[in-house]
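> I'd like to ask some things about the structure below.
Each value in this text was obtained by applying a stated rule to the coordinates, not by laboratory testing. In this text the structure is predicted, and so the values were computed from the model without any measurement. Please note: Cβ atoms are built from the backbone with ideal geometry, for glycine as well, and neighbour counts cover all protein chains shown.
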Amino acid sequence: MIAAVYQVCQGTIGTPPGGLSGTMPRMPNILLVRMSSMGDLIHTLPVVSDLRAHFPDARIDWVAEEQYVELPALHPGVSHILPIAIRRWRKRLWSRVVWQEIRTFLDQLQQVRYDAIIDPQGLLKSAWVCGRARGPSCAFDRSNIRDRFALPFYDRTFAIPTGDHVITKNRKLAGLALGYTPEAAIHYGIRNVDHALPWLPQGRFAALLTNTARAAKEWPEAHWITLGQQLHTAGIRSLFTWGSEPERVRSERLAAAIPDAQVAPRLTLLDATAMLSHATLAVGVDTGFTHIANAVETPTIALFCDSDPNHAGVMGDQYVANLGGVQVQPTVAQVWQHASAALARITS
């Protein structure tokens, strides 16, 4: 698809080498290119907080896939969101309507001259966006970029330690590109979301986020049931979420085995953010909703059953815990130990 987009749009990616130079304006125009997926957008939110701290009057625009635009919109520091639909476009690439949408997107993208274009995504599709925007583009160097074929299309690339957490990498990239050092504290920029949810449980509840796109990252159903029963004994209701019909059936099966448990309706991103901001506790596998819970500063326990928590574990000033690892499932006892500690901190 990307090659075809190049042809229709004409011209080449990027601008002549040389990168950013001179002193950054007091009111710069900055573009963030982080289009997907849910967790990746959440891991980019602290960059907006950093930018606002150092450039209070900046214009900060963000290119995001159309199904995720609600996430950057929750950060008051984002000035304007440019929806893109590459995931949908590539399914109907030869449709005239799709090409009209692409041209409309490019027209909107090129309305502003940016002082810096920051791309933490590092793929050919995000490099294409950077190349069509007006301004110098910045990305990771070959040690961290996800697609090395994208490297030639950026004006500047930056070396960052490969062992850093993805949030730290994103923040350092923007800081190096714009000449500042991020402070130690992480600020996601979104908290209690003013969005009515009539079905929300009364009293204290734990959001149990059981669903993930890959079966290897799931936590066993028997473990969720035991955890939910322990939460019930502690006076905490269990609330299950879902995103597909098989997930709904699974959530209802789990809820039926736990006293006073509830299954939420199908949630939009805004619904999920509001619900998680009101939860007493969130326990979830490595999935986008777990990272949203962390971002709204709800005490969060993340369960990594087949992924590395050192790369993208939850981070925050509230109670957070990352348990498990690649092909290492946390036990119920480990999870309950941290859940008890989080609940004790809340009530103390």
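> Give me the three principal axis extents of the chain from the C-alpha atoms, as integers in angstrom, largest value leading.
Sorted largest first, the three principal extents are 64, 46, 39 Å.
> Using just the alpha carbons, could you tell me how many Å³ per residue the convex hull of the range 266-323 encloses?
In the range 266-323, the Cα convex hull volume per residue is 75 Å³.
> Right, here's the next one. Could you give me D for the range 204-247, from Stokes-Einstein at 37 °C and 0.692 mPa s, where the hydrodynamic radius is the Kirkwood radius over C-alpha pairs? Units µm² s⁻¹, please. Kindly include the intermediate steps, with their values, before the conclusion.
Working: Rh = 11.3 Å.
For the chosen part, D equals 291 µm²/s.
> Roughly how tilted is helix 269-278, in degrees to the nearest 10 and between 0 and 90, from the longest Cα axis of the chain?
50
> Against the longest alpha carbon principal axis of the chain, how many degrees, from 0 to 90 and to the nearest 10, is the axis of helix 45-54 turned?
Roughly 60 degrees between the two axes.
> Over the Cα atoms of the range 214-348, what Rg and Dmax result, in angstrom?
Gyration radius and largest Cα-Cα distance of the range 214-348: 13.8, 40 Å.
> Another question about this same structure. Report the local net charge at H80: Lys and Arg +1, Asp and Glu -1, summed over other residues whose C-beta lies under 13 Å from its C-beta.
In short, 0.
> As a test of the formula, what do you get for the chain when each DSSP H run with n ≥ 4 contributes -39,500 (n - 2.57) and the sum is divided by the residue count, at 222 nm and rounded to the nearest 500 deg cm²/dmol?
Rounded to the nearest 500, it is -10500 deg cm²/dmol.
> Taking only Cα atoms and a 10 Å spring cutoff, compute GNM fluctuations for the chain and point out the largest among E65, E218, E101.
Per the Cα network of the chain with a 10 Å cutoff, E101 tops the list.
> For q = 0.23 Å⁻¹, what log10 I(q)/I(0) does the range 295-348 give under the Debye formula with an equal point scatterer on each alpha carbon and no solvent?
So the normalised log intensities work out to -0.87.
> For the range 193-287, compute the orientation-averaged projected area of the C-alpha convex hull (one quarter of its surface), in nm².
Result: a mean projected hull area of 5.7 nm².
> Across bins of 5 angstrom width beginning at 0, how are the C-alpha pair distances of the range 37-127 distributed, in whole percent?
2, 12, 22, 25, 20, 11, 5, 2, 1
> Rounded to the nearest 5, what is the percent of antiparallel bridges among the DSSP beta bridges in the chain?
Within the chain, antiparallel bridges account for around 5 percent of the total.
> GNM on the chain, C-alpha springs below 10 Å: top fluctuator among F105, F205, F289?
Of F105, F205, F289, the most mobile in the Gaussian network model is F105.
> Still on this structure, I have one more. Under Stokes-Einstein, with the Kirkwood radius over Cα pairs standing in for Rh, what whole-number D in µm²/s applies to the range 106-196 at 10 °C and 1.306 mPa s?
Value of D from the Cα-based Kirkwood radius: 111 µm²/s.
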